[in-house]
1. When you scan the range 65-162 for helices (runs of 4 or more DSSP H) that lie fully inside it, which ones turn up with 2 or more residues that are surrounded by 21 or more Cβ atoms within 10 Å (Cβ to Cβ)?
2. Going by the conditions given, is LEU325 hydrophobic (A, V, I, L, M, F, W, C), part of a helix (DSSP H, G or I) and more than 27 Å from PRO128 (Cβ to Cβ)?
3. Considering only the range 339-360, how many residues are surrounded by fewer than 19 Cβ atoms within 10 Å (Cβ to Cβ) and either within 30 Å of LEU32 (Cα to Cα) or of a type in the set (Gly, Ala, Ser) (or both)?
4. Would you pick out the residues in the range 258-315 that are among the β-branched types (Val, Ile, Thr) and farther than 19 Å from GLY225 by Cα?
5. Within the range 270-283, work out how many residues are touching a residue at least 12 places away in the same chain (Cβ under 8 Å), surrounded by fewer than 15 Cβ atoms within 10 Å (Cβ to Cβ) and not hydrophobic (A, V, I, L, M, F, W, C).
6. Return the total of residues in the range 6-31 being touching an Asp or Glu at 6+ places or on another chain (Cβ under 9 Å) and closer than 24 Å to ILE304 by Cβ.
7. Check ARG382 against each of (1) within 30 Å of GLY40 (Cβ to Cβ); (2) without any contact (Cβ under 8 Å) to a residue 24 or more places away in the chain and name the one condition it does not meet.
Amino acid sequence: MTKPIRVCLILHSTRSDNLGVGALTVSEVEILRDAARALGREIEITVMDWKDSRDPYVTGPDITVRDLDGRTMRSPSGYLAIARASDLVIDIGGGDSFADIYGAKRLQKMFFLKGLTHVAGTPLVMAPQTIGPFTKGWSKLAARLSMGRCAIVATRDAMSTKAAQDLGCAEVIEASDVALRLPYDPPAPRAPGGPVRVGLNVSGLLMGGGYTGRNEFGLTLDYPGLIRGLIAHFQAEGAEVHLVPHVIVRDGPMQGEDDYRASAALTKEIPGTVLAPAFASPSEAKTYIAGMDFFAGARMHACIAAFSSGVPVVPMAYSRKFEGLFGTLGYRRTVDCTAQDGAALHQAIVTGFADRDSLREEAAAALARGREKLAAYEDALRALLARA
């Protein structure tokens, strides 16, 4: 009998409060299951995940979740042994963490896991992710050496492809975000004559001025004022405004990043707004977003959920990853919270709402390009699995 293919996922999450990070894992698992079915093989997936009180939302008889901490990383019987027992290790870097702009500590942990995988002799795949920027000599060297030993290096945008090539990585697959594959339940048909539904993802992180409250993202506008102005505009247009969280922090020190608390406060402040649920999983959030007629938000994967389910969307960027992803696919409706003022952003979003039929067509064409690019990664991954 043929042995199952054993795959280990690192720098993925099965239970992150950030449903965008979780969406990457759910989608990666879908891709792996499809590949195994195409090969007529069974698959066993081990996810190395940081300890958390939330129950995993990535489940199934083929899924094993192992807690990851410093001891597991250092012990020869910990991650190193799991990597050696695997046919393949896939690293998605949390989506956008393979860079040195988030601090040395996080990046050093990533390099340590990559290095252990190389020591184990197990093929390492860098799944589609943002690569860079790298601004320091040591991080550039470590990134170059690690990527040079990977079986597959895939990016999700053209800027990341250039960053990888500038570091000397010649063979790069420019794919797209795997969350384009995130499963969801299409909404049931609605009775005619009801109000237009507008979904706004309110970032708790940006409502609080960033991690420190000192605007370290360099926003060029009053973000809370922009959100309140948009709600007032859409309500004046007769729309039903839904405030849709995508980072949901139940407790702990990261509550300042919680979209749900920020949205709930606005719902109390502004009568008539609808507070979406504290979703239990990324697919549950996408199912809700798919029921909107228009969407705008500052959480990239909330926007990807709209984009990939046919909802006209205006992404509200606070980092280069937004334009990198959507711009690479030819979708030019992203607004930039770090370069434009509040009046310009407000006008771009309300114009998008008025022109939502055109946005829907533009997004459909861009999504087709995204799926085609993502297929290149899926094909390469399936070929690698076939040799397991």
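The values are calculated or read from the model by the stated rules, or taken from the named source; none is laboratory data. Treat the numbers as computed from the prediction; the structure is a model and nothing was measured. When we count neighbours, we look across all protein chains shown, and the Cβ atoms used for this are built from the backbone with ideal geometry, even at glycine.
1. Working: elements: 70-74, 79-84, 104-120, 137-148.
Because the criterion is at least 2 residues that are surrounded by 21 or more Cβ atoms within 10 Å (Cβ to Cβ), the helices (runs of 4 or more DSSP H) in the range 65-162 that meet it are 79-84, 104-120, 137-148.
2. On the way: hydrophobic (A, V, I, L, M, F, W, C): yes; part of a helix (DSSP H, G or I): yes; more than 27 Å from PRO128 (Cβ to Cβ): no.
No, not satisfied.
3. 8
4. From the range 258-315, those among the β-branched types (Val, Ile, Thr) are 267, 270, 273-274, 287, 289, 304, 311, 313-314; that's our starting set.
Result: THR287, ILE289, ILE304, VAL311, VAL313.
5. At the first step, the residues of the range 270-283 found to be touching a residue at least 12 places away in the same chain (Cβ under 8 Å) are 270, 272-276, 278-283.
Checking which are surrounded by fewer than 15 Cβ atoms within 10 Å (Cβ to Cβ) leaves us with 272, 274, 280.
This time we only want the ones that are not hydrophobic (A, V, I, L, M, F, W, C), so: 272.
Here the count works out to 1.
6. Qualifying residue count for the region: 18.
7. Unmet for ARG382, out of (1) within 30 Å of GLY40 (Cβ to Cβ); (2) without any contact (Cβ under 8 Å) to a residue 24 or more places away in the chain: (2).
Okay, residues lined up against (1) under 22 Å from the mean Cα position of the chain (by Cα); (2) among the charged types (D, E, K, R); (3) closer than 29 Å to MET207 by Cβ; (4) not assigned by TED's automatic domain parsing to the domain that holds PHE294:
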| residue | (1), (2), (3), (4) |
| --- | --- |
| THR328 | yes, no, yes, no |
| ARG333 | yes, yes, yes, no |
| CYS337 | yes, no, yes, no |
| ASP341 | no, yes, yes, no |
| VAL350 | no, no, yes, no |
| ARG356 | no, yes, yes, no |
| ARG360 | yes, yes, yes, no |
| ALA364 | yes, no, no, no |
| ALA383 | no, no, no, yes |
